[in-house]
Amino acid sequence: MRRRWITAAAIGLAGMLALAACGGGGDSSGDGGQGGAARKRVEVFSWWTGPGEADGLKAMRQIFERQNPNYTFFDAAVAGGSGDQARALLASKLQANQPPDTFQGHAGAELQGYIKAGKLEPLDFLYDELKLREVFPEQLVEQITVDDHIYSVPVNIHRSNVLWYNPGVLKEAGVSGPPKTIEEFIGALEKVKQTGKIPLSIGSQWTQVHLLESVLLGTLGTERYNALWTASADWSSSDITKALENFKTIMSYAGTPQEDWQPAAKQVADGEAAFNVMGDWVYGYFVNPPDGGLGKTAKQDFDWAPAPGTDGTFMWLSDSFTLPKGAPNRDGAIAWLKVAASKEGQDAFNPLKGSIPARKDADKSLYKDYLAYSLEQWASNRLAGSIQHGVVANDAWRSAINDAVGLFLQDQDVAKLQQALVDAAKNSGQ
Ligand code: GAL
């Protein structure tokens with residue numbers, strides 16, 4: 001499984017570099033040098049190559065291919081959870097005016113960065129044609145709107161603040177249920193440690209930033225967390241110090257960092273680890289049948305709860321497809337956006353992706369166990385935006401936070417981390 005995934009990464013990156021090489025000046029055909037026969041291909045850029053992620057994309061691709069026999073879907077996905085590699089490559093392609101036909105970006109500050117930089121076409125015409133203004137939640141449309149124009153098509157809602165756990169490992173450690181507060185969490189981690197199992201599984205660096213956002217929310221509470229992204233934010237306050245100390249303590253129970261989120265989550269499903277804090281793409285990975293997923297059974301092999309201290313708040317993010325200015329195959333990209341916007345497309349994609357649809361009129365019967373819970377939580381919870389997945393911080397700010405966490409993992413210096421976060425907020429330009 002891992003080999004297949006790494007190969008996909010290598011092919012994805014090589015494919016992108018080849019494209020970058022041939023898409024430059026001197027080509028007057030307007031097809032990015034793709035040549036006549038391949039002219040109708042539609043390059044769709046994402047980072048959904050890994051187990052769990054690729055299944056949803058494939059389902060949407062099949063609908064696209066069925067509805068558009070004149071176009072070829074070209075999967076330009078670049079491996080790496082959370083777009084770790086993809087987002088940097090995308091930025092350089094957009095900078096060089098060599099966009100893919102469409103790319104996946106996060107609703108919120110991340111996409112607003114691209115919009116303000118003039119990299120995206122407004123999609124008001126599509127919203128008018130398909131009457132999309134009524135089908136997406138208002139607060140979501142706000143996140144993809146700048147100066148009254150709408151710039152992307154949200155395909156889903158993911159939740160970031162989920163605690164995945166192995167019920168058997170908890171039982172063995174004498175932990176009666178998922179911890180509700182950060183203090184209870186630390187107590188439970190300690191109990192698991194005594195059994196010799198991994199208390200908390202963790203992946204590459206971005207997964208640790210992902211953990212940090214849940215610890216910030218769980219320590220500060222929703223109101224103070226949301227205030228961090230407003231002009232009056234105070235990153236030097238003592239409650240942030242407390243959150244960072246909590247982060248340090250929780251991280252001291254982490255196992256060996258795994259290559260990405262899938263192998264870290266797998267340690268929980270396999271009963272090697274007790275807990276993992278990760279977005280609900282984990283659900284798709286756990287339950288999808290092999291070879292895409294692990295074929296596990298909810299509530300038996302794994303269970304879930306809100307990340308400690310965050311019950312009642314849905315820390316959200318949304319994957320959203322765009323129309324970059326200068327897309328080599330603009331019509332093909334619009335055909336893709338129509339599938340991504342459709343009820344059929346969203347209901348095929350989301351049950352496999354582990355997300356709930358962005359559309360309000362989806363077929364609820366398709367969303368079972370965790371996903372039924374998520375639909376209910378999305379409708380009733382307060383909202384907070386994810387840091388790592390582009391909602392509250394633009395890309396420059398997010399990467400500064402990532403750098404700060406990277407240094408902290410080496411020196412464990414909470415005061416230095418806090419100062420770096422103060423600086424990151426000051427320099428974000430947001
Ligand atoms: C997020 C993305 C999700 C999922 C996750 C892990 O940034 O929005 O769809 O792909 O990364 O790769």
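The values are calculated or read from the model by the stated rules, or taken from the named source; none is laboratory data. If you're wondering where the values come from, they're calculated on a predicted model, not measured in any experiment. Positions of Cβ are backbone-derived with ideal geometry, glycine not excepted, and every protein chain shown enters the neighbour counts.
Tabulated data
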| read-out | value |
| --- | --- |
| Answer from ASN350, ASN381, ASN402 - the residue that is in the same structural domain as ALA273 (by TED's automatic domain parsing) and at pLDDT 95 or above | ASN402 |
| Answer from GLY326, GLY271, GLY312 - the residue that is surrounded by fewer than 24 Cβ atoms within 10 Å (Cβ to Cβ) and under 30 Å from ASP124 (Cα atoms) | GLY326 |
| Whichever residue in the stretch 313-342 is assigned to a helix (DSSP H, G or I) and of a type in the set (Val, Ile, Thr) and, among such residues, is farthest from the ligand (Cβ to nearest atom) | ILE334 |
| Complete set of residues in the stretch 141-155 that are in contact (Cβ under 8 Å) with a residue 12 or more places away in the chain and not in a helix (DSSP H, G or I) | ILE144, VAL146, HIS149, ILE150, TYR151, SER152, VAL153, PRO154, VAL155 |
| Residue within the stretch 239-262 that is assigned to a helix (DSSP H, G or I) and free of Cβ contacts under 8 Å to residues at least 24 places away in the same chain present | yes |
| The stretch 343-367 - residue that is in a loop (DSSP other than H, G, I, E, B) and free of Cβ contacts under 8 Å to residues at least 40 places away in the same chain and, of those, nearest to VAL155 (Cα to Cα) | ALA362 |
